[in-house]
Amino acid sequence: MHEHDRRQRLRSWPELWFANPPLKPPLKHVVLDMHLPEKQQTLTLGPDLTASLSDELLLRVLSALPVSASPVASLVCKRWLRLLGRLRRCLTLLDWASLRRISSRFPELSDLDLLPASFFPSSPSPLILTRDPVSIPLDPYLDPPIGDSRFISSAALDSGLETLAQGCPNLRRLSLVAPPVSEAGLMSLSDRCTILQELELHRCTDVALRPISAFKNLQILKLVGSIEGLYRGPGVTDVGLTILAHGCKRLVKLELARCEGSYDGISAIGRCCFMLEELTLTDHQMDAGWLAGLSFCGNLKTLRLQGCRNIDADPGPAEHLGTCPTIERLQFQRCQLRDKRSLRALYMVCEAVREIMFQNCWGLDNDMFGIASICRRVKFLCLEGCSLLTTEGLESVVLSWNDLQSLAVVSCNNIKGEEVSPALSSLFSVLKELKWRPDAKSVLATALAGTGMGKKGGRFFRRI
């Protein structure tokens, strides 16, 4: 009886509860049919209004587009794609296999970065390793997973560079990885890219510097021996620096990143590169005594130290250091300044310096900063992120500089505005330029000046 009643109830349920398809279409299909037009409309394209314009005139029109609109505009037609390629001057290559198509796609290319494409392609990975200026996928199954990234083969590098030399002779700036064995690719570049002025060479070795010396118009050169956490390399020694000095005599700017060397290499550069105005050492691996080689740089204007763990392990006797009277700017960025002897030797070599900058340096306390009083002609001083230096240490040095005209103090938390003495305040009043933001509290006080806020017992907080 109960089973018969249950079957009767099931028969009375709507059809949609059963697995069999319903007799009528679902409601969502009906709604979809209501929105569809009765007759499909065909989109008719009008005539191309730019067809009558010459390439030169259309190039002028396309050159006015913002950079962000160029990828979209290149999809309009093949002609626009070709013309926008002629407007492209700077390019970063991500796939080495695409190198053979660059010359036809971008015939006017002048700035090319090949570094990201030079790494051996790895399997897709959600992990990305970033070390300026490159980001690569990180393979977690490698041992170790970081620190020894692989590059494409030397034969592929040479073949690609030869193709590039034939197709892009108008290059002015180039960033690439040096082939470890062969010199054919770099020699092809030096033969055909005669107007190349700026070169950035990674995994650089002494062997790679032989063809580099054939670039007669090279003015800006950056040599990177290795990048910590990304790849290793044999590096550059005094032999390579000497080859470079005798070959690239028109250098104006030179940067040595994680390169080895000593007094011989630096002095050779100073003797041969008469036009050198700017020298940058990034995390250098120089041997003891290299500072004395700066005295041979007769036209050097700027000396920059970046990320250096030390300056000179043993600068030698003061009477053997010599001086470089042409240096006007001395800059320290992310350096460890803990050795008084080497820092004093550097100031003695650069005693005629006019501008000194310390940016995010470790170990710069009152005693280390006090050594800067050796330089008597300083007109500009910039302190940024120097948390150990106090107001007293700053005052003891800047008051001894009679020619000081500009001062910038930013994010130096131990320098307090309320500790400024009348003598230091008097100096501030005669400076041509003053940027005073030693800590966040002083920045807030400057921003609230004249508003009446930020004062204890002010108008906005009265007792009832």
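The values are calculated or read from the model by the stated rules, or taken from the named source; none is laboratory data. Remember, predicted model here, so these are calculated numbers, not experimental data. FYI the Cβ positions are ideal-geometry reconstructions off the backbone, even for glycines, and counts take in every protein chain you see. Ligands, DNA and RNA are excluded from the accessible area calculation, which covers all protein heavy atoms including side chains. Shrake-Rupley method; radii C 1.70, N 1.55, O 1.52, S 1.80 Å.
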For peptides 72-78, 106-112, sequence by mean Cβ density within 10 Å, most packed first | 106-112, 72-78
Integer Hz, Karplus 6.51/-1.76/1.60 couplings in order for segment 208-217, x for Gly and Pro | 5, 7, 5, x, 5, 5, 7, 7, 6, 9
Per the 1/(1 + (r/R0)^6) rule, R0 = 30 Å and r from the Cβ atoms of LYS253 and THR130, FRET efficiency to 0.05 is 0.70
Roughly how many debye, to the nearest 20, is the charge dipole of segment 151-285 about its Cα centre, given +1 on each Lys and Arg Cβ, -1 on each Asp and Glu Cβ, and no other charges?
-> 320
Would you calculate the separation in nanometres between label points at GLN405 and ALA97, each defined as 7 Å from the Cα along the Cα-to-beta-carbon direction?
-> 5.9
What's the carbon and sulfur percent of segment 376-424's accessible surface, probe 1.4 angstrom, rounded to a whole number?
-> 43
Expressed per residue, the solvent accessible area of segment 263-333 in Å² (1.4 Å probe) is about 37
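On average, how much accessible surface per residue is there in segment 344-386, in Å², for a 1.4 Å probe, leaving out ligands, DNA and RNA? Working shown, then result.
Details: 1600 Å² over 43 residues.
Solvent-accessible surface per residue comes out at 37 Å².
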Quarter of the surface of the C-alpha convex hull for segment 187-265, i.e. direction-averaged projected area in nm², equals 4.9
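Among 80-93, 283-296, 368-381, what's the highest-first ranking by average C-beta atoms within 10 angstrom per residue?
On the way: 80-93: 16.1, 283-296: 20.4, 368-381: 17.9.
Output ranking for 80-93, 283-296, 368-381: 283-296, 368-381, 80-93.
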Calculate, in nm to one decimal, what ALA73 and ASN217 gain on full extension: separation in residues at 0.36 nm each, minus their alpha carbon distance.
-> 48.2 nm
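Suppose R0 equals 51 Å; then what is the FRET efficiency for SER182 and ASP48 from their Cβ-Cβ distance, rounded to the nearest 0.05?
Working: r = 49 Å, r/R0 = 0.96.
After rounding, the FRET efficiency stands at 0.55.
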Label points 7 Å out from Cα along the Cβ direction at SER104 and SER425: separation in nm?
-> 7.5
Return, ordered by residue number, the residues of segment 295-320 whose backbone nitrogen is under 16 Å from a label point located 7 Å along Cα→Cβ of GLN336.
-> 306-314
On the accessible surface of segment 279-359, probed at 1.4 Å, how many percent belong to carbon and sulfur atoms?
-> 44
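If each residue of separation counts as 0.36 nm, what is the full-extension length gain between ILE374 and THR326 once their alpha-carbon separation is subtracted? Mind showing how you got there, number by number?
Numbers: separation 48, 0.36 × 48 = 17.28 nm, distance 1.62 nm.
Taking 0.36 nm per residue and subtracting the Cα distance, the gain is 15.7 nm.
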The rounded separation in angstrom of the Cα centers of segment 341-418 and segment 251-285 is 25
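How large is the accessible surface per residue of segment 54-106, computed with a 1.4 Å probe and reported in Å² as a whole number?
On the way: 3570 Å² over 53 residues.
Value for segment 54-106: 67 Å² per residue.
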